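To start, the structure under review is shown below, and the notes come after it.
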Amino acid sequence: MATETLARPVASTANPAVRRKPGRRMTPGRVVVLAVAALLAVLWLVPFAWATVTAFKSETDAASPKINWIPPSGFTADAFVKVFQDGNIPLWTWNSLYTSAAITVITLVISALAAYALSRIDFRGKKVLMTVIIASIIVPPPVLIIPLFYQMVALHMIDTSWAIILPQVIHPAMVFVLKKFFDQIPRELEEAAVMDGASRMRIFLQVVLPLSRPIMAAVAIFVFIGAWNNFLWPFIATNDGSILTLPVGLQTIKSAYGIQYAQNMASALLAALPLILLFLFFQRQIIKGVATTGLAGT
Amino acid sequence: MSSVATSQDSEGRAASLPGLSRRKPSTPARPASALAQRSRDNLNGWAFAAPFLVFFLVFLVWPLLYGMYMSLTGKSLTGANDSIIGLANYAEALADPDMWHSLGNTLYFTVISTVPLVVVALVMAALLNVGLPAQWLWRLSYFAPYLLASTVVSLFFTWMYNPQLGLINDALAKIGLPKVAWLNDPGVAMWAIVIATLWWTVGFNFLLYLAAMQNIPAQHYEAASLDGAGAWRQFFSITLPQLAPTTVMIVLLQILASLKIFDQVYQMTAGGPGGATRPVVQYIFETGFTGYRLGYSAAISYIFFGLIVAVSVIQFLITRRRSA
């Protein structure tokens, strides 16, 4: 908790009572608010619901021009069985999982080390380095795809997982986010360790990192979601079906299944499932993580 | 990682110096230890930054510079012409109606998507901030789509937009409205993409707004309540003004995000019908990988980059003026 108030000092002055005024009765105004919120929620849930209903229909029912929320010939899991028999979704899920995990771990390690240097160590060229890193936040990834592709061909990395992972580990904005957090950790905490003759690396690992868990989690969540869902670069860097990530694999399914709507929706839902499950379990952390890192730039 | 290990070694050896000077605080020892401290800091600083710097140089700085070089050559995937042709690619791009059309599509999408993506997010956050029960349920429904890959969103919406079998046209028919060809109508397709994008990413802006609203000090509202200001009045006289900096940031981030539009369009319409939705990123992709003209494609990338830099500079100027 101590570090959380550190990160956002404003949070302590905001009173949660603003949101939840106790003892408030249902006034007409609140009924309207509730109604509008509910309408929006329904609109936002309809695509999920319709995809789910479609996925559990037979292909014949799914392609019926009459819209049925309850299919005439009953619900069936045939589409899921077919999708699993084709065998690619589990493989692609695994590919997405380990590439995204690798991207997240590498990003965290290299960004935290660099951020610590920028926050705590006075070294020659620090200002220039800081300026260059901040300036690079504006480089849009689509600008790099052509030269990166050429570079990957030269490095013989095209169609390997390295091509997916390596170019995605640079998040200058996250270095900046971490540096800002480290800046707020009182230096006194480190001075005792310095007196004991601890090395910089030990201070970083044993003093700074344990205090930085909330921000590390926030950065990890942000990077992981981005990597999991990234389409453009993995789409360019890979052709080989066995190393495709989920988003790219789904694109090939779309053309393969064509008008098999139930199977299309079953594949889409299976692809959506891992992150949705993760969100259900870690809702608080994910919302907090996105809110803290979000404004730093994407 | 090896570079970090060496820094630890040098640290270990040097660490004895401050200890010495502490025990014997005579004047000549001080500058020496300060000097040692400084060189140690120089070494440590660069060693800590080194792993990031390596990736940064290889996968960001180098491609950025190499792309600029490529844009000055006739390079192609077939390896036909590697020679430097100066600014010819840029001259060709600036006279290329397809380039302008795709750039126009990107700008059109940015303009018509940013407004709903900010306004709807604000409305959602304001509704929740009133204090509805079951907060997690609302957050889940508004934010969940943001966790989906673009391909999933495209599959969902292509299916719902289906002219004959789609849910949306069925709903329109039920309330007596004519059917719409959504993704097949050049006049409507971009709006269809905006609707799908709104559903997909508004949850992100919604979360940023919600976090900002919860940071508004309660005293403001208490004072207003004592003055007899109602909820509506409080929203316009306290919440909105307090959110102004957040709104500026969200709008600018949204503009930058919208300018990069590619995934949904490529997946839902492939840029069609008749190029009506093709964004500039898709044109870069197509000239490079379908047309094999890497040099020309790199030149268009840099024109696009120029646009992004221009918007970022405006952002910088606005935020700096705010903080000054």
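Worth a mention:
- Any hit, the range B:181-190, residues being more than 7 Å from chain A (Cβ to nearest Cβ), among the polar types (S, T, N, Q) and under 24 Å from A:PRO71 (Cβ atoms): no
- Residues located in the range B:175-187, provided they are among the aliphatic types (A, V, I, L, M), crowded, with 17+ Cβ neighbours inside 10 Å and either over 18 Å from B:PHE262 (Cα atoms) or free of Cβ contacts under 8 Å to residues at least 40 places away in the same chain (or both): B:VAL180
- Test for A:ASP159: is it within 7 Å of another protein chain (Cβ to nearest Cβ), surrounded by fewer than 22 Cβ atoms within 10 Å (Cβ to Cβ) and part of a loop (DSSP other than H, G, I, E, B): no
- Hey, B:ILE300 in contact with a Leu (Cβ under 9 Å, 6 or more places away or on another chain), over 28 Å from B:THR73 (Cα atoms), part of a helix (DSSP H, G or I) and of a type in the set (A, V, I, L, M, F, W, C) or not: no
- In the range A:28-51, the residues that are under 27 Å from the mean Cα position of the chain (by Cα), at the interface with another protein chain (Cβ under 7 Å from one of its Cβ atoms) and under 21 Å from B:PRO116 (Cα atoms): A:ALA37, A:LEU40, A:ALA41, A:TRP44, A:LEU45, A:PRO47
- Residue match in the range A:20-38 (condition: aliphatic (A, V, I, L, M) and at pLDDT below 80): yes
- Some residue of the range A:121-142 being assigned to a helix (DSSP H, G or I), within 26 Å of the chain's Cα centre (by Cα), facing chain B (nearest Cβ under 7 Å) and in contact (Cβ under 8 Å) with a residue 60 or more places away in the chain: yes
- Per-region count, the range B:177-212, residues within 24 Å of the chain's Cα centre (by Cα) and either of a type in the set (A, V, I, L, M) or at pLDDT below 90 (or both): 14
- Every test in (1) at the interface with another protein chain (Cβ under 10 Å from one of its Cβ atoms); (2) modelled with pLDDT under 90; (3) touching a Ser or Thr at 6+ places or on another chain (Cβ under 9 Å) is passed by B:VAL248 save one, and that test is (1).
- For the range B:266-295, residues that are in contact with a Ser or Thr (Cβ under 7 Å, 6 or more places away or on another chain) and surrounded by fewer than 19 Cβ atoms within 10 Å (Cβ to Cβ) total 1.
- Single residue of the range A:60-74 satisfying the filter (crowded, with 18+ Cβ neighbours inside 10 Å and not in a loop (DSSP other than H, G, I, E, B)) that is nearest to the chain's Cα centre (by Cα): A:ALA62
- Every residue from the range B:82-117 that is more than 14 Å from every other protein chain (Cβ to nearest Cβ) and of a type in the set (Val, Ile, Thr): B:ILE84, B:ILE85, B:VAL111, B:ILE112, B:THR114, B:VAL115
- All conditions in (1) surrounded by fewer than 20 Cβ atoms within 10 Å (Cβ to Cβ); (2) more than 13 Å from every other protein chain (Cβ to nearest Cβ) hold for A:VAL105, with the sole exception of (2).
- Selection from the range B:296-324 of residues that are more than 21 Å from B:MET249 (Cα to Cα), more than 9 Å from chain A (Cβ to nearest Cβ) and surrounded by fewer than 24 Cβ atoms within 10 Å (Cβ to Cβ): B:ILE303
- Any hit, the range B:230-246, residues being surrounded by 21 or more Cβ atoms within 10 Å (Cβ to Cβ) and within 20 Å of the chain's Cα centre (by Cα): no
- Failed condition for B:ASN215, given (1) at pLDDT below 85; (2) in contact with a helix residue (DSSP H, G or I) (Cβ under 7 Å, 6 or more places away or on another chain); (3) more than 14 Å from every other protein chain (Cβ to nearest Cβ): (3)
- Residue that is modelled with the lowest pLDDT, among those in the range A:59-89 that are out of contact with any Phe, Trp or Tyr (no Cβ under 9 Å at 6 or more places or on another chain), of a type in the set (Ser, Thr, Tyr) and more than 14 Å from B:TRP159 (Cβ to Cβ): A:THR60
- Qualifying residue in the range A:273-292 (condition: in contact (Cβ under 8 Å) with a residue 60 or more places away in the chain, buried (at least 23 other Cβ atoms within 10 Å of the Cβ) and under 21 Å from A:SER161 (Cα atoms)): no
- Count of residues meeting criterion [surrounded by 12 or more Cβ atoms within 10 Å (Cβ to Cβ), at the interface with chain B (Cβ under 9 Å from one of its Cβ atoms) and aliphatic (A, V, I, L, M)] in the range A:184-201: 3
- Residues of the range A:232-265 that are more than 10 Å from every other protein chain (Cβ to nearest Cβ), within 23 Å of the chain's Cα centre (by Cα), surrounded by 24 or more Cβ atoms within 10 Å (Cβ to Cβ) and more than 21 Å from A:PRO142 (Cα to Cα): none at all.
- Check on B:ALA257, among the small types (Gly, Ala, Ser), closer than 30 Å to B:ASN162 by Cβ and within 10 Å of chain A (Cβ to nearest Cβ): yes
- Scanning the range A:199-244 for residues that are under 23 Å from A:GLN283 (Cα atoms) and not in a helix (DSSP H, G or I) yields A:SER212, A:ASN230.
- Check on B:ILE238, within 23 Å of B:VAL111 (Cβ to Cβ), touching a helix residue (DSSP H, G or I) at 6+ places or on another chain (Cβ under 8 Å), among the β-branched types (Val, Ile, Thr) and in contact (Cβ under 8 Å) with a residue 12 or more places away in the chain: no
- Only listed residue being touching a Ser or Thr at 6+ places or on another chain (Cβ under 7 Å) and either of a type in the set (D, E, K, R) or closer than 29 Å to A:TRP228 by Cβ (or both), chosen from B:PHE156, B:PHE109: B:PHE109
- In the range B:196-212, the count of residues that are away from every other protein chain (no Cβ under 12 Å), buried (at least 20 other Cβ atoms within 10 Å of the Cβ) and touching a residue at least 24 places away in the same chain (Cβ under 8 Å) is one or more.
The values are calculated or read from the model by the stated rules, or taken from the named source; none is laboratory data. Everything numeric in this text was worked out from a predicted model, so none of it was measured. Positions of Cβ are backbone-derived with ideal geometry, glycine not excepted, and every protein chain shown enters the neighbour counts.
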